[in-house]
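Structure first, then comments.
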Amino acid sequence: MKHPHIAVMLNIASLGIGAVTFVLALFAFIPFLGWANWFLIPMGLVGLVLGVLSRSTTGRNVNIVVLLICFVRLSMGGGIF
């Protein structure tokens, strides 16, 4: 890669998006707030794409875990609650 600092910045952006999405996903575990996961999943997907584009796998792995948490929560509430 010609500009290695871009890959590092993509990983940092991916980690930041993953951290924010994780904190918001914790609030979505409150009963009747499960619908918020429908907004968190696209955020996690953006972080996942940035993590895939970077050299490091840390940001990618964080966003995969966050997406799994959101999908499990949605399945527990039937996709709404």
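Karplus-derived 3J(HN,Hα) values for region 64-81, using 6.51 cos²θ - 1.76 cosθ + 1.60 with θ = phi - 60°, are 5, 5, 4, 5, 4, 4, 5, 5, 5, 5, 5, 5, 5, x, x, x, 10, 8 Hz; glycine and proline are entered as x.
Just to confirm, what accessible area per residue do you get for region 4-77 at 1.4 Å probe, in whole Å²? Before the final figure, lay out the partial values.
Numbers: 4300 Å² over 74 residues.
Here the residues of region 4-77 average 58 Å² of exposed surface.
Take every Cα-Cα pair in the chain and report what % of them are more than 17 Å apart.
Details: 1390 of 3240 pairs.
Cα-Cα pairs in the chain separated by more than 17 Å: 43 percent.
The values are calculated or read from the model by the stated rules, or taken from the named source; none is laboratory data. The structure presented is a predicted model; accordingly, all values stated were derived computationally and were not measured. SASA here: full protein model, heavy atoms, side chains in, ligands and nucleic acids out. Shrake-Rupley method; radii C 1.70, N 1.55, O 1.52, S 1.80 Å.
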